[in-house]
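Structure record follows, encoded as structure tokens.
What follows is calculated from the coordinates using simple rules that are stated; it is not laboratory data. Owing to the predicted nature of the structure, the values given are computational and were not obtained by experimental measurement. Note that we place each Cβ from the backbone using ideal geometry, even for glycine, and neighbour counts take in every protein chain shown.
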Amino acid sequence: MAAERPIPIYSNLNDLYQNLGTSLNHAVRWNSLAEEFERRFGRKPTYIVRAPGRVNLIGEHIDYALFGVLPAAIERDILIACAPRPVPSSSVMKTTEQASGSVIAENLQTKYIRQSFCPARRPSVSQEIGEDKVHVEGWELDINTKELRWESYVKAGYYGVLNKYFPPSDSLESPVPVDLLFTGTVPAGSGLSSSAAMVVASTLAFLAVNGKLDDRSVSTQLTKGDLVRMAVENEKRVGVNSGGMDQAASVISDASSALYISFFPKLKATPVPLPSGSVFVCANSLVVSDKAVTAKRNYNLRVVETLVGARILARALGVSVGEKERITLREVVGRLLGEQEGKELSIDALQNGLERMGREVEVLRPKGVPDDGQLGVAMQEMIAMSGLSEDAFHHVYLSWVEVEATHFQLYKRAKHVYAEALRVLQFRQTCHEATGTAALERLGHLMNESQTSCAELFQCAGWGGCTVSLVAEDEVTSFIEQIKNAYVPYKSLEGEALGEVIFATRPSSGACGG
């Protein structure tokens, strides 16, 4: 299984990029980064780590409901050259930059200024991070989620490494001081998961310089699934309650296919072949998508709406739910169909179940309200529908996250999630069974349905980001020209400037070290 494989450490780029045919271009970037690191820090980097951005072909906003998604990593990525910083043995009074675990982070993009910081030890406490209550091991790094900066994602990546490998109660081992040099080709705020790539790459860099990737024994080595879980928890530190798709795509993908990622009952990833001769074309809307800053009105609000909708739907269908449980829409369909704990429904059974849920979800629709009326419910009505007391509801659904809304769109969100989960399975089946033009047409139809549902039911239009199109390779040039001529912000762009906002890419390998 792909998630159980070790994190790859490569010695040459041909192995890394396999059949992409672009190793020479990537080699120039890697070599230039290594040379610049040596120029700035006076020594060669010990590692260069890489985490790619991703496109999601289909499966929008259903990962945090625990349904499978179908993304692929792209060639554009985040690279970090890194090395432990030597500390003079003669130093009696160490400076901040010589302290255990101190970090100097620089970026080749001049708009991101040099940062230095040092984790502080604090007494151990229990604390809610995202939607989970976790035991915080006592490390503290200042992350202001109200005003995120580029180094916030670096610090987020550091947290998981510190907490897992360097508990403050253990004075025998401390994190090493480290120098980091970043570069990246994933446009920030473009919807290609630059934030997840930053957190994954940063997590990987701190693991590497502290020797945590050196253990290659089967029983104790860090797997791709381990890195995904660590990165998901780390990204919650910047205020985003991610479902795991972005991190899984950045870590587990390979260069030959898209990836069907399922999250229930456990993380699992299987390759899905795409029609031969097709590539992705990513077109940046140039509307910046900052999930962390707008989370309470957008991303985190949708997470809460889907969770509350799942509880109310379960009650209506006679599905058992614990008082303090945050049941998901995926768990509702599983329990309704008698899925055994720890087992997974067959694809056919799940598909039949999703078709049924497309009908059952109508119980969430307010009665007597026309399609163009208010299909959401106010807070007090939502609490009453949940069957919980106000205090219990707040503890289960609102104590761990900040949301802002006058009406909560439980019906629309659940309707989108079940229909989108079904489209993912249909997309997967088409990739396995259809070929040529027929396959591209069918996949394009499903992707168009997905975008319509996102706009009308999940109401995430205007959040910024990219459009993703699956295009025959011999039609890429004409396709890009059509978009340039039709989309006003592109009309004045040429050459490299145009290539920065709209570009073709094939599936790429996942996160690695080299």
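Observations, loosely collected:
- Across region 36-75, the residues whose backbone nitrogen lies under 14 Å from the label position 7 Å along the beta-carbon direction of residue 337 are 67-68.
- Of 139, 460, 82, farthest towards positive along the dipole that unit charges on Lys, Arg, Asp, Glu beta carbons give the chain: 139
- The P(r) of region 207-276 has a tail past 17 Å containing 53 percent of all C-alpha pairs.
- 21 Å Cα-Cα threshold exceeded, pairs from 266/415; 164/224; 324/415; 296/412; 111/155; 111/484: 266/415; 324/415; 111/484
- Amide H contacts for residue 85 (H built 1.01 Å from N in the peptide plane; partners 5 or more residues away or on another chain; cut-off under 5 Å): 178, 179.
- In terms of its alpha-carbon gyration tensor, region 293-350 comes out prolate; a/c meets the 1.5 threshold, and the first ratio a/b outweighs b/c.
- Low-density loop positions, trypsin sites (Lys or Arg not before Pro), region 232-310 - DSSP coil, at most 10 other Cβ in 10 Å: none
- Cα-centre dipole for region 408-487 with unit charges at Cβ (Lys and Arg positive, Asp and Glu negative), debye to 20: 500 debye
- Dividing the helix sum by the residues of the chain, where each DSSP H run of 4 or more adds -39500 (n - 2.57), gives a mean residue ellipticity at 222 nm of -11500 deg cm²/dmol.
- Between region 414-456 and region 328-384, the alpha-carbon center distance in angstrom: 20 Å
- Contour minus Cα-Cα distance for residue 276 and residue 165 (0.36 nm per residue): 35.6 nm
- In region 219-320, Rg over Rh equals 1.03, where Rg is the alpha-carbon radius of gyration and Rh the Kirkwood radius from pairwise Cα distances.
- Couplings 3J(HN,Hα) of region 261-272, computed from phi: 10, 10, 10, 10, x, 8, 5, 8, 9, 10, x, 10 Hz, in residue order, whole Hz [Karplus 6.51 cos²θ - 1.76 cosθ + 1.60, θ = phi - 60°; x for Gly and Pro].
- Computed on the chain, with alpha-carbon pairs under 8 angstrom and 6+ residues apart, the relative contact order is 24 percent.
- Reduced Cα scattering model of region 151-284, Debye log10 I(q)/I(0), q = 0.10, 0.12, 0.15, 0.22 Å⁻¹: -0.38, -0.54, -0.82, -1.47
- Computed over region 412-514: relative contact order in percent, which uses C-alpha pairs under 8 Å that are six or more apart: 23 percent
- Distance (nanometres) between label positions extended 7 Å along Cα→Cβ at residue 437 and residue 402: 5.4 nm
- Net length gained if the chain between residue 142 and residue 477 were fully extended (0.36 nm per residue, minus Cα distance): 116.0 nm
- With at most 16 neighbouring Cβ atoms within 10 Å, loop GluC sites (Glu not before Pro) (DSSP) excluded, longest segment of the chain: 174-322
- Three-way shape label, region 369-514, alpha-carbon gyration tensor, a/c 1.5: prolate
- Counting only the Cα atoms, region 266-384 fills a convex hull of 209 Å³ per residue.
- Projection of the Cα convex hull of the chain, averaged over all directions and equal to a quarter of that hull's surface, yields 25.4 nm².
- Projecting label points 7 angstrom from Cα along Cα→Cβ for residue 9 and residue 172 puts them 2.3 nm apart.
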